[in-house]
Structures are given as C-alpha cells and as structure tokens.
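What follows is calculated from the coordinates using simple rules that are stated; it is not laboratory data. None of these values were measured; they are calculated from a predicted model. With ideal geometry, Cβ positions are generated from the backbone for all residues, glycine too; neighbour counts draw on all protein chains shown.
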Amino acid sequence: MKICVTASSEGLNAPVDSRFGRAPFMVFIDSETGEAESRPNLAATAGHGAGTQAAQAVSRGGAEVLLTANCGPKAFELLRAAEVEVFSIVGGTVSEAYEAWKNDSLTRLENANAASGWSG
C-alpha cells in the first residue's frame, strides 16, 4: 500500500506541511518496504485549483492513504471518489506521521476540514 504525506521538503525527516494543495512536496511511502519517494507538488504554485490538482497527483501516484493537516471540499471529494482515505496530522516529520498512521493513532477525516482556497 502507498501512503502519501504532505511535506515542506524531501525525505522522511522532512517537516510535515499543514497545507494539502500548496505543500511543496508529497512523500510517497510503500508500507510493505518502507521505501520513500519524494515528489515535488506541481500544484503548489497553481493560480487556482491547487487542491484538486494535488488530489489528482495523489491518486495518479497510487496512494491509498493521504496524511495531511487540512483538505478542502473539492479535493476531499476527488480523493473520496478515488478511494483514498484521508487522515489528519499535526506537525512533526513525515516519518513521525507515518509511524502514527501505522500505530492507528490518527483521526480519519469523514469530511473536508478546510475551506476552498485555504492556504494556511
């Protein structure tokens, strides 16, 4: 299974970024091997629609789980349609967020938790 974490920079030691669509990086982690791949979030500099573009990138990247602090309604609906589960994270590093998910200590979002266009 692939897990995607929004991040401020590359790698497992990167700080988690509280923004979804505007996070500079997305770190994809293979839950079976623990291998991580950092990808620039090309949507981060979009004039508008960053959340929906980021949601499409998460889905295209094969993630089944997204760990992020905030997710707007349009992005959330796209993720839900792609059957990506979204979990809320607060601070820490990508590695810490991933460990919290593995330990089942994160809250699964049932709805968007940010307004459209929210940029933190």
102, 74 arranged by Cβ crowding within 10 Å, fewest neighbours leading: 102, 74
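In cubic angstrom, how much convex hull volume per residue do the alpha carbon atoms of the chain span?
In the chain, the Cα hull volume divided by residue count equals 82 Å³.
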Highest-fluctuation residue, 100, 44, 23 considered, GNM on the chain with Cα pairs under 10 Å: 100
Ellipticity estimate at 222 nm from DSSP helix runs (n ≥ 4, -39,500 (n - 2.57)) divided over the chain, nearest 500: -7000 deg cm²/dmol
Inter-label distance for residue 8 and residue 31, nm, one decimal - labels placed 7 Å from Cα along Cα-to-Cβ: 2.7
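Hand me the GluC sites (Glu not before Pro) from the stretch 53-113 located in a DSSP loop with no more than 12 other Cβ atoms within 10 Å, in residue order please.
Numbers: sites: 64, 77, 83, 85, 96, 99, 110; in loops: 83, 110.
Those satisfying the criteria are 83, 110.
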Beta bridges by DSSP in the chain, antiparallel share as percent, to the nearest 5: 65
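Could you list 42, 79, 12 so that the one with the fewest beta carbons within 10 Å of its beta carbon is first and the one with the most is last? The partial results should precede the final answer.
Values: 42 12, 79 28, 12 19.
Neighbour counts put them in this order, fewest first: 42, 12, 79.
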Relative exposure of 104, 30, 17, judged by other C-beta atoms within 10 Å (fewest first): 104, 30, 17
